[in-house]
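The values are calculated or read from the model by the stated rules, or taken from the named source; none is laboratory data. Since the structure is predicted, the reported quantities are computational estimates derived from the model, not experimental observations. We place every Cβ from the backbone using ideal geometry, glycine too, and count neighbours over all the protein chains shown. These accessible areas exclude ligands, DNA and RNA; they are computed on the full protein's heavy atoms, side chains included. Shrake-Rupley method; radii C 1.70, N 1.55, O 1.52, S 1.80 Å.
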Amino acid sequence: MAGPARPRVGSELNELAIIEDGAMLVAGGKIVNVGRYADIKLFIDSETEVVDAQGCVVMPGFVDAHTHPVFGGNRVEEFEMRARGKSYEDIARGGGGIQSTVAKTRAASEDELKILRVIRRLNKETELNYIPTFLGAHAVPPEYKDRSDEYVQCVVEQMLPAIASQKLAKYCDVFCESGYFDVADAKKVLLAAKELGLMPRIHADQLTRCGGAELAAELGAVTADHLEQTDTTGIKALKRANVQPVLLPGSVYALGKSKYPAAREMIEAGLAIVLATDFNPGSSPTPSIPMMLSLACTQMGMVPAEALSAVTVNAAYSLGLGDRVGSLQAGKDADFVIHDCADYREIAYFFGIEHAQATYTKGAKVIARRSQTLPSAPSS
Ligand code: ZN
């Protein structure tokens with residue numbers, strides 16, 4: 001994934017900079033050198049720990065640029081209701097949906113800013129690096145029913161200043177969707193966030209074409225996420241403002257829908273697309289990036305190389321981490337994964353299984369598993 005110090009667009013998404021018989025020298029949690037084994041082996045001395053990854057694919061660690069990883073309870077009841085034919089919107093009107101998770105998450109303790117505090121704690125106590133985003137405007141809470149203006153005012157005047165002063169989030173997001181927060185509400189929240197130094201991201205055009213993509217462009221948002229309903233006009237607006245689209249095929253799949261975002265058109269328009277899981281208990285209950293790679297290649301017309309660029313280097317840039325992670329280059333964090341396959345395309349091709357054999361963050365092995373045997377991709 002080595003290349004220019006910016007996200008990949010157009011045909012660059014295909015350029016993975018693969019090194020056959022490669023090796024990587026790591027020290028102090030950083031990548032020191034990457035190249036062919038024949039050259040790198042000259043640096044091996046008696047102090048060097050050698051990790052043999054022969055026959056495997058070594059790649060940058062996946063960067064998941066859109067998740068909702070902290071929640072109380074789960075929504076397995078709704079999963080069955082949808083299996084019986086109810087829609088996501090029907091369930092939300094009946095008191096389910098985002099509201100039901102919010103109620104359980106709130107009940108789990110007393111504090112509005114709890115989710116962000118949990119993320120801060122996860123950053124200290126786990127090996128994963130979380131980038132916190134404030135999504136106070138996700139659904140109007142029941143106590144503000146029919147008073148959504150007042151809720152928006154509460155987000156702007158009370159929550160955002162508290163979050164900014166405690167530095168609990170880097171970004172601010174809004175669920176811009178009919179029945180949730182319209183363009184005017186979303187604009188109020190995101191402008192206030194910008195004033196306080198929180199950069200905007202937007203859940204845009206997921207269920208309806210409601211102007212979210214254009215709003216993202218108008219505000220200079222870092223990303224516009226979902227975009228299932230975004231059309232050519234919206235794509236042009238995103239391009240004009242250099243907004244990165246974050247595509248979340250897991251939610252289309254898990255809601256049993258068939259309209260995936262127009263990834264091909266976005267790539268052809270020159271957008272630096274990102275793929276992410278949208279991991280959450282309602283619409284995308286999976287943290288599996290390989291599953292997103294499969295969906296991108298089977299449902300969205302992307303090729304494996306494009307999909308991999310979208311979950312590594314491009315995802316890293318969308319979170320302001322492009323100089324640290326997302327590619328295996330000297331000077332970056334030694335965040336990498338050894339995949340138990342001989343060809344990178346197998347990660348998207350064999351779906352529903354885990355390919356990662358060992359995961360390293362800052363040079364330390366944090367997850368290892370026993371390898372499984374799969375047939376190599378046929379040569380014919
Ligand atoms: Zn989301």
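Annotations
- Criterion (of a type in the set (Val, Ile, Thr) and over 20 Å from the mean Cα position of the chain (by Cα)) met by exactly one of VAL118, VAL63, VAL9, VAL76: VAL76
- Residues located in the range 222-232, provided they are touching an Asp or Glu at 6+ places or on another chain (Cβ under 9 Å) and part of a loop (DSSP other than H, G, I, E, B): LEU227, GLU228, GLN229, THR230, ASP231
- So ASP225, is it in the same structural domain as GLN99 (by TED's automatic domain parsing), acidic (Asp, Glu) and surrounded by 24 or more Cβ atoms within 10 Å (Cβ to Cβ): yes
- A Cβ distance below 6 Å, combined with a sequence gap of six or more or placement on separate chains, defines the contacts here; from the range 179-203, residues that are farther than 27 Å from ALA92 by Cβ reach residues that are away from the ligand (no atom under 16 Å from the Cβ) in the pairs LEU196/LEU160; LEU196/ALA164.
- Scanning the range 160-185 for residues that are out of contact with any Pro (no Cβ under 9 Å at 6 or more places or on another chain) and within 16 Å of the ligand (Cβ to nearest atom) yields PHE175, CYS176, GLU177, GLY179, TYR180, PHE181.
- Screening the candidates GLU112, GLU150, GLU143, GLU157 for the property of being open to solvent by 20 Å² or more (accessible area, probe 1.4 Å), more than 16 Å from the ligand (Cβ to nearest atom), assigned to a loop (DSSP other than H, G, I, E, B) and assigned by TED's automatic domain parsing to the domain that holds ALA204 yields one hit, GLU112.
- Every residue from the range 233-258 that is out of contact with any helix residue (DSSP H, G or I) (no Cβ under 7 Å at 6 or more places or on another chain) and either part of a helix (DSSP H, G or I) or closer than 23 Å to LEU293 by Cβ (or both): THR233, LYS236, LYS239, LEU248, SER251, VAL252, ALA254, LYS257, SER258
- One residue stands out among those in the range 169-180 that are out of contact with any Asp or Glu (no Cβ under 8 Å at 6 or more places or on another chain) and modelled with pLDDT of 95 or more: the one that is surrounded by the fewest Cβ atoms within 10 Å (Cβ to Cβ), which is LYS170.
- Some residue of the range 227-243 being in contact (Cβ under 8 Å) with a residue 60 or more places away in the chain and within 16 Å of the ligand (Cβ to nearest atom): no
- Only residues that are open to solvent by 70 Å² or more (accessible area, probe 1.4 Å) and at pLDDT 75 or above were counted across the range 95-109, and they come to 0.
- Of all residues in the range 83-107, those that are of a type in the set (Lys, Arg) and farther than 22 Å from PRO142 by Cβ total 1.
- Residue satisfying all of: in the range 276-288; at pLDDT 95 or above and open to solvent by less than 10 Å² (accessible area, probe 1.4 Å); farthest from SER309 (Cα to Cα) among these: SER284
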